Amino acid sequence: MASDSKVFNFSEVAKHNHKKDCWIIISGKVYDVTSFLEEHPGGDEVLLLAAEKDATEDFEDVGHSDSAKEMMGKYYVGKVDLSTIPEKPNYKPPSQPAALQHNQSSGSGSAVKILQFLVPLLILGLAYALQYLRKKD
Ligand code: HEM
């Protein structure tokens, strides 16, 4: 385990993003996992996908064992300057049009509910009226 704590910028770390040179960031620490790619029980693909971003969540989501966490020390190369890590990309809050559509549909929804109530009543009324007229004849 490297004992010096070199601090990298995110962009420096992100350059190491291929099979022959792969660094990942977990909990603000940088790991050179190039030699581990082939051995990683979860496969090399996930590690390569974890490069060029903060992989902390991905790593935690898997629920790695304590022995996996101990292994990490072997690949530690330094820290990352957290202020250089870009915001999470592609988060889209629920879009405005969808919210508007919802409101509109709930407005017209109440009209439909009234009709659903009135139409059977009208049919019933008609049926009674017809019966009444027939009896009269
Ligand atoms: C230096 C970093 C890492 C080390 C030393 C490491 C080590 C290990 C080890 C030892 C296992 C076997 C299961 C266990 O003991 O928990 C494992 C499984 C796995 N790892 Fe990693 N890992 C690292 C990073 C990552 C990252 C960044 C991801 C991204 C998603 C990842 C995804 C997985 C997956 C999907 C499995 C398979 C889990 C399963 O099938 O049960 N690992 N890893």
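Just so it is clear, none of the values below were taken in a lab; they were calculated from the coordinates. Predicted model only: the values in this text are computed from it and were never measured. Cβ coordinates were reconstructed from backbone atoms using ideal geometry, including for glycine residues, and neighbour counts include every protein chain displayed.
Summarising the amide proton neighbourhood of Cys22: residues at separation of 5 or more, or on other chains, whose placed amide H is nearer than 5 Å comprise Val33, Thr34. Summarised in one figure, the compactness ratio Rg/Rh of segment 7-84, Cα atoms and Kirkwood Rh, is 0.92. Here the extension length gained between Ala129 and Asp61 equals 17.6 nm, from 0.36 nm per residue of separation less the Cα-Cα distance. By the rule of a C-alpha distance below 27 Å, with chain neighbours fewer than 8 residues away ignored, the lysines paired with Lys88 are Lys6, Lys15, Lys19, Lys20, Lys29, Lys53, Lys69, Lys79. The listed peptides 22-32, 70-80, ordered by packing as a protection proxy, come out as 22-32, 70-80 (highest mean of other Cβ atoms within 10 Å first).
Gain on full extension, evaluated as 0.36 nm per residue between Ser27 and Leu122 minus their Cα-Cα distance, stands at 27.4 nm.
For Gly78, the residues 5 or more places off, or on other chains, whose built amide H falls under 5 Å of its own are Val30.
Remark: the Lys88-Ile114 segment gains 4.7 nm on full extension, using 0.36 nm per residue and subtracting the alpha carbon distance.
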